[in-house]
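The values are calculated or read from the model by the stated rules, or taken from the named source; none is laboratory data. Being a predicted model, the structure only gives us computed values, none of them experimental. For neighbour counting, all protein chains shown are included, and Cβ atoms are generated from backbone atoms with ideal geometry for every residue, glycine included. For the accessible areas, the whole protein counts, side chains as well, though only heavy atoms, and no ligand, DNA or RNA atoms are used. Shrake-Rupley method; radii C 1.70, N 1.55, O 1.52, S 1.80 Å.
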Amino acid sequence: MPEKITIVEMSPRDGLQNEKSPISTANKIALVDQLSDCGFTRIEVSSFVSPKRIPQLADAIDVMSGITRNHSVSYAVLTPNLRGFQTAIKVKADEVAIFTSASEGFCRENINCSIDESLVRFAPVLNAARALNIPVRGYVSCVTDCPYDGPTQPSQVADVSAKLIELGCFEVSLGDTLGVGMPDAVAEMLSAVTARVSPSLLAGHFHDTNNNALNNIRVSLEAGLKVFDSSAGGLGGCPYAPGAKGNVATEQVVEFLHSEGYATGIDVGRLNSAAQFAKSLRSAS
Ligand code: HMG
Ligand code: MG
């Protein structure tokens, strides 16, 4: 039996959050619905964050309420605080994610607080989620490089990741937010993180600015990771990571993993159609 790798599909959230022209709620729902038929088990749909900071996702409630759910899929949303979590519960998110950074500069720009303060903010989210049995993913951004602070120390990534697991996250996704991490830097970072956190609790989240994301996935597989984030059509970016390109394209990741003998459960034909549709949204309104 080929080994199974899980892909967490990012295009509706990370893929669309930085698109400048408005994308209709109907098109966002159509994208999620297409992705729901591709064989993914996890799709990140949107974010409950400040609509002034991320205007493209201001319709998160309507998107979550409008999708047609496939019961094999867990639908996730970003919830940086208790307010976001409470909204997520109202729209029946299956999973939520909190997000911080290994670098102070990005943390401040992205969520307006220090790393330590972010962990304090997350505690009530984790407590509320525990009471309702909602799984909480944690993101650590800037795992090799930060747009504001330069290179990131691997020990810092390990420290923040371990704290997120201690707080109660079921998984930590390690974000190369800028997409500039070289495979040797990713390997060094993973060596530090996996000394503190089991690779079975880690995911790789590689933006593909320098076309190294597949090499970074290879290095991560060697370190024992089995969960990767990617975005159909390669859409994406973060307004607080200037110059960064999208997540690695899901269709490239699936092709790579299948060619390496891994199973993903993804239907390539349906994925390619969804990726075409995702790319068409870049200019659609
Ligand atoms: P804050 O700036 O500390 O201040 O917010 P606040 O709590 O006083 O709220 C500021 C404003 O946001 C207020 O509105 C609140 O009402 C509103 P105003 O008074 O200005 O009209 N607000 C909310 N609105 C809706 N839902 C909420 C909510 N909370 C506050 N839950 C906060 C902190 C995190 C909310 C803010 O800084 C923010 O929204 N930042 C945007 C962060 C973001 O979404 N970034 C992109 C996603 S992260 C990413 O892409 C990286 C990742 O992909 C991994 C990687 O690639 O590395 C995950
Ligand atoms: Mg990202």
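Table for the structure above
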| quantity | calculated |
| --- | --- |
| Looking only at region 124-138, and only at residues there that are part of a helix (DSSP H, G or I) and open to solvent by less than 50 Å² (accessible area, probe 1.4 Å), the one that is farthest from Ile98 (Cα to Cα) | Ala128 |
| Candidate set from region 199-213 (those that are part of a helix (DSSP H, G or I) and small (Gly, Ala, Ser)); member that is nearest to the chain's Cα centre (by Cα) | Ala213 |
| Region 8-27, residues that are open to solvent by less than 20 Å² (accessible area, probe 1.4 Å) and without any contact (Cβ under 8 Å) to a residue 60 or more places away in the chain | Pro12 |
| Residue satisfying all of: in region 219-258; assigned to a loop (DSSP other than H, G, I, E, B), over 20 Å from Ser280 (Cβ atoms) and touching a helix residue (DSSP H, G or I) at 6+ places or on another chain (Cβ under 6 Å); least open to solvent (accessible area, probe 1.4 Å) among these | Leu225 |
| Selection from region 155-177 of residues that are under 18 Å from Glu9 (Cα atoms) and open to solvent by less than 30 Å² (accessible area, probe 1.4 Å) | Glu171, Val172, Ser173, Leu174, Gly175, Asp176, Thr177 |
| Given (1) within 13 Å of ligand 2 (Cβ to nearest atom); (2) free of Cβ contacts under 8 Å to residues at least 60 places away in the same chain, number of the condition His258 does not satisfy | (1) |
| In region 74-96, the residues that are of a type in the set (D, E, K, R) and at negative phi | Arg83, Lys90, Asp94, Glu95 |
| Failed item, numbered, when Asn216 is tested on (1) touching a residue at least 40 places away in the same chain (Cβ under 8 Å); (2) at negative phi; (3) not in a helix (DSSP H, G or I) | (3) |
| Residue list for region 178-198, filter: open to solvent by 10 Å² or more (accessible area, probe 1.4 Å) and either of a type outside the set (Gly, Ala, Ser) or assigned to a helix (DSSP H, G or I) (or both) | Leu178, Val180, Met182, Pro183, Asp184, Ala185, Ala187, Glu188, Ser191, Ala192, Thr194, Arg196 |
| Some residue of region 35-47 being in a helix (DSSP H, G or I) and more than 21 Å from Gly234 (Cα to Cα) | no |
| Of the criteria (1) closer than 18 Å to Ala275 by Cβ; (2) of a type in the set (Phe, Trp, Tyr); (3) touching a helix residue (DSSP H, G or I) at 6+ places or on another chain (Cβ under 8 Å), which one Tyr75 fails | (1) |
| Tabulated pairs, region 84-98, first under 21 Å from Thr41 (Cα atoms), second part of a helix (DSSP H, G or I) and open to solvent by 50 Å² or more (accessible area, probe 1.4 Å), C-beta under 7 angstrom, 6+ apart or interchain | Ile89/Leu132; Val91/Ile61; Val91/Ser65 |
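So that you can scan it fast, the table gives a plain yes or no per residue for (1) more than 30 Å from Leu271 (Cα to Cα); (2) within 16 Å of ligand 2 (Cβ to nearest atom):
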{"site": "Cys38", "(1), (2)": "no, no"}
{"site": "Ile43", "(1), (2)": "no, yes"}
{"site": "Pro51", "(1), (2)": "no, no"}
{"site": "Asp59", "(1), (2)": "no, no"}
{"site": "Pro80", "(1), (2)": "no, yes"}
{"site": "Ala93", "(1), (2)": "no, no"}
{"site": "Ala97", "(1), (2)": "no, yes"}
{"site": "Cys113", "(1), (2)": "yes, no"}
{"site": "Ala123", "(1), (2)": "yes, no"}
